[in-house]
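One structure below.
Bear in mind these aren't lab numbers, they're just calculated from the coordinates by the rules spelled out. Not measured: the values here are computed from a predicted model. In this analysis, Cβ positions are derived from the backbone assuming ideal geometry, glycine residues included, and neighbour counts consider all displayed protein chains.
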Amino acid sequence: MTDPAGVHEKGTFNALDLLSATKKNAKFEKAGAIGVFIGVVRGENAEGQKVVNLTMEAYEEKANEVLLTIREDLLQRPGIVDVQIHHLLGEFNVGEDVVYVSVAGAHREEVFSVLREAVERYKREAPIFKKERVFTDKGEESEYWVSEKTNPKH
């Protein structure tokens with residue numbers, strides 16, 4: 001069985017795996033809601049440039065540790081039954097899934113707030129890196145690691 005949080009090579013984990021893993025949790029009978037976030041590759045970056053594709057890389061051992069720590073922290077919240085955070089690595093085209101997060105809990109209110117926190121925390125804390133390949137204003141291709149840009153919304 002896959003760990004409840006971690007990084008995976010593209011093609012080895014998908015949205016159905018996420019839901020299956022969530023429902024296999026021994027405490028799932030206490031859940032009344034599952035909230036799911038699926039991050040996909042946008043076709044345009046924050047500067048309005050057309051995105052060709054993304055490459056996702058990670059310091060895998062540390063990323064797995066951080067994602068599991070976030071999960072364990074969020075499981076301490078009242079009413080939360082399960083938290084799953086799975087980030088994919090590799091090269092991705094526009095529209096492809098790159099991350100799956102699910103939160104199962106007794107009630108939707110706690111599920112929604114914890115789901116949002118899970119997403120914000122993995123983006124801020126996990127050593128996962130994104131390289132964008134874009135078409136510039138001049139129609140040329142350019143690529144850069146998103147951390148080289150100053151826009152925090154990436």
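Hey, for a label at Glu57 modelled as a point 7 Å past Cα toward Cβ, could you say which residues of the range 3-30 have their backbone N under 19 Å away?
Output list for this probe position: 7-11.
A 29 angstrom limit on the alpha carbon distance is what I want to check against. Which of Lys10/Lys62; Lys24/Lys123; Lys62/Lys131; Lys24/Lys62; Lys30/Lys130; Lys24/Lys50 exceed it?
Beyond 29 Å between Cα atoms: Lys30/Lys130; Lys24/Lys50.
Take each of the peptides 28-40, 82-94, 117-129, average the number of other beta-carbon atoms within 10 Å over its residues, and list them starting from the highest.
Ranking, from highest mean packing down: 82-94, 117-129, 28-40.
Under the Kirkwood approximation for Rh and a Cα-based Rg, what ratio Rg/Rh is obtained for the chain?
Looking at the chain, the ratio lands at 1.01.
Would any residue of the range 19-52 have its amide N under 14 Å from a label point 7 Å out along Cα→Cβ of Glu91? List them or say none.
Once the point is set 7 Å along Cα→Cβ of Glu91, 52 turn out to lie under 14 Å by backbone N, inside the range 19-52.
Between Trp145 and Arg108, what's the calculated FRET efficiency when r is the beta-carbon distance and R0 is 35 Å? Round to 0.05.
Here the calculated transfer efficiency is 0.45.
Over the chain, what is the relative contact order in percent, taking alpha-carbon pairs closer than 8 angstrom and at least six residues apart?
Computed value for the chain: 32 percent relative contact order.
Which one, Ala21, Ile34, Ile70, is farthest towards the positive end of the dipole of the chain when Lys and Arg carry +1 and Asp and Glu -1 on their Cβ?
My answer, from the dipole projection, is Ile34.
Relative to a virtual label point 7 Å from the Cα of Lys30 in the Cα→beta-carbon direction, which members of the range 66-93 show backbone nitrogen distances below 13 Å?
75-83
What helices in the chain pass both tests, a Cα length along the helix axis of 15 Å or more and a mean Kyte hydropathy of -1.0 or higher, using whole DSSP H runs?
Helix filter hits for the chain: 60-75.
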